[in-house]
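What follows draws every value from the coordinates through simple rules; no lab data is involved. Given the structure is predicted, the values throughout are model-derived calculations rather than measurements. Here the Cβ is made from the backbone with ideal geometry for all residues, glycine too, and neighbour counts use every protein chain on show.
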Amino acid sequence: MSVHPDEVIWNLLRGALTARTVAVVAELDVAGALADGPRPVAEAAAEVGADADTLHRFLRALASEGVFVEHEPGVFGNTAASEALRADGGWHAFAVLFGGVFYRGLAELDASGDASFPRMLGTDFWSWLGENPDQRSLFDKAMEQGSERRVERFEQVEWRGDEAVVDVGGGNGSLLASLLDRRPGLRGIVVDLPETVRNETVLGDRIEFVEGSFFERVPEGDVYVLSTILHDWDDDHAARILRTIRGAARPDSRLLIIDAVVPPGNEPGGGKWLDLLMLAVSQGKERDERQWRELLAAGGFEPVAFHDGLIEAVPQR
């Protein structure tokens with residue numbers, strides 16, 4: 001069934017409205033207020049500190065998309081989608097970021113090829129995160145979203161079972177901890193900036209956190225992991241990261257990159273939209289297979305296989 005052109009354009013234009021609305025209800029933790037079952041909107045509004053009529057309008061709009069449900073006039077409850085927005089849910093931090101700092105930065109996006117965030121923030125995004133611990137914590141938490149699916153992608157490659165795995169730019173270590181839970185024989189090292197918010201109890205005694213920049217040095221390891229890191233950077237910076245790893249890697253080391261490979265032509269792909277966010281944040285980019293091959297070569301690696309959501313590469317010989 002074809003969609004009317006008017007509906008296509010409207011669905012695209014209202015994206016700013018949906019992002020900001022989801023962010024507001026996430027910030028207020030409305031889903032948490034409805035955790036015990038449907039409630040009159042006035043009760044929920046009083047609990048979260050919102051105007052009752054305005055919250056009703058927010059929830060009515062979201063319910064039309066399957067986020068919350070209106071059981072009877074003025075009485076709302078959660079759906080599986082809204083449950084994910086609870087303060088302890090996986091999408092909460094992402095929603096606050098997308099409807100907050102991302103939303104403001106994207107408002108300045110243009111076709112100049114320059115990142116819009118530095119113009120808005122007065123500095124680059126990564127320095128801004130370092131200067132704002134609350135936002136850094138929110139960002140690190142958001143990066144946990146979908147970690148189980150990312151860990152499942154590691155099942156597509158063969159493991160010896162006793163490798164030392166270096167997660168480069170691994171944030172709070174949640175991805176590596178999940179991998180080691182599945183493969184108890186592995187040992188892990190997380191490399192990230194000192195300001196990274198982390199829970200040492202999650203890292204345990206099998207994961208070491210090494211403070212440092214992936215532009216300068218990384219420890220020696222059997223397997224290097226870059227999980228949604230390279231798309232944050234333009235080609236020159238991304239190649240620098242790869243060359244840093246290449247300088248530490250042994251000839252038999254492997255590199256596993258978890259990142260999107262943009263599909264060709266008109267094929268739908270979330271990476272085609274995420275690519276524009278990366279442009280706005282830091283002039284980063286999502287890449288198609290040709291671009292990945294060129295970037296890996298510039299960084300001293302050659303691809304072995306393009307798996308589903310994972311690129312496997314080895315040092316050039």
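Fewest-first ordering of V69, V218 by other beta carbons within 10 Å of each residue's beta carbon gives V69, V218. Placing unit charges on the Cβ atoms of the charged side chains and taking the dipole of the range 207-317 about its Cα centre, the candidate lying farthest along the positive direction among G299, S227, P263 is G299.
Give me the dipole magnitude in Debye, nearest 20, for the chain about the Cα centre, with unit charges on the beta carbon: positive for Lys and Arg, negative for Asp and Glu. Kindly include the intermediate steps, with their values, before the conclusion.
Details: 31 positive and 54 negative charges, 105 e Å.
The calculation lands at about 500 debye.
As a footprinting exposure proxy, order T79, T21 by other Cβ within 10 Å, with the fewest listed first. Intermediate results must be reported in sequence, preceding the final value.
Details: T79 17, T21 20.
Listed from fewest to most nearby Cβ atoms, that is T79, T21.
Once backbone amide H atoms are built at 1.01 Å from N, V304 has E312, A313, V314 as its partners under 5 Å, excluding neighbours fewer than 5 places away on the same chain.
Going by a ≥ b ≥ c, the root eigenvalues of the Cα gyration tensor, does the range 184-258 fall in the rounded group (a/c under 1.5), the prolate group (a/b larger than b/c) or the oblate group? Oblate, because a/c is 1.5 or more while a/b does not exceed b/c. Add +1 for every Lys or Arg and -1 for every Asp or Glu among the other residues with Cβ under 10 Å from the Cβ of E163, and state the total. The answer is +2. Among P73, P118, P194, the largest mean-square fluctuation in a Gaussian network model of the chain, built with springs joining Cα atoms closer than 10 Å, belongs to P73. For the range 248-275 versus the range 161-216, the spacing of their alpha-carbon centroids is 21 Å. Projecting the Cα atoms of A81, P315, A61 onto the dipole axis of the chain, where Lys and Arg carry +1 and Asp and Glu carry -1 at the beta carbon, places P315 farthest toward the positive end.
Have a look at the DSSP beta bridges in the chain and tell me what percent are antiparallel, nearest 5.
Details: 15 of 34 bridges.
Counting DSSP beta bridges with both partners in the chain, the antiparallel share is about 45 percent.
Using the Karplus relation 6.51 cos²θ - 1.76 cosθ + 1.60 with θ = phi - 60°, the per-residue 3J(HN,Hα) values for the range 301-312 come to 10, 10, x, 9, 7, 9, 8, 6, x, 8, 10, 9 Hz, with x marking Gly and Pro. The R250 and A298 beta-carbon pair, evaluated with R₀ = 22 Å, returns a calculated FRET efficiency of approximately 0.60. Rounded to the nearest 10 degrees, what's the angle between the helix 52-63 long axis and the longest principal axis of the chain, both from Cα atoms, 0 to 90? The helix 52-63 is inclined about 60 degrees to the chain. Taking the DSSP beta bridges in the range 200-317 as the whole, what percent of them are antiparallel, to the nearest 5? Once the DSSP bridges in the range 200-317 are tallied, antiparallel ones form about 60 percent. Taking GluC sites (Glu not before Pro) across the range 193-249, the ones in a DSSP loop with at most 11 further Cβ atoms lying within 10 angstrom of their Cβ are E216. Cα-based values for the range 134-293, radius of gyration first and Dmax second, are 15.5, 47 Å.
So, R0 is 30 Å and r is the distance between the beta-carbons of D110 and V202; what FRET efficiency does that work out to, to 0.05? Calculated transfer efficiency: 0.15. Net charge in the neighbourhood of L256 (other residues with Cβ under 9 Å of its Cβ; Lys, Arg +1, Asp, Glu -1) is +1.
With the charge dipole of the chain set up from +1 on Lys and Arg Cβ and -1 on Asp and Glu Cβ about the Cα centre, the Cα lying farthest toward the positive end among the listed residues T244, A33, L121 is that of T244.
Quick check: residue separation of E211 and R243 times 0.36 nm, minus the Cα distance between them. What number comes out in nm?
Working: separation 32, 0.36 × 32 = 11.52 nm, distance 1.86 nm.
Between E211 and R243, full extension yields 9.7 nm more.
In terms of other Cβ atoms within 10 Å, W159, W233 run from fewest to most in the order W159, W233.
Rounded to the nearest 20, the size of the Cβ-charge dipole of the range 5-89 about its Cα centre is 180 debye, with Lys and Arg at +1 and Asp and Glu at -1.
Report, to one decimal in Å, the Kirkwood hydrodynamic radius for the chain based on all distinct Cα pairs. Mind dumping the intermediate values first?
Working: mean 1/r = 0.0468 Å⁻¹.
Taking the inverse mean of 1/r over all distinct Cα pairs, the chain comes out at 21.3 Å.
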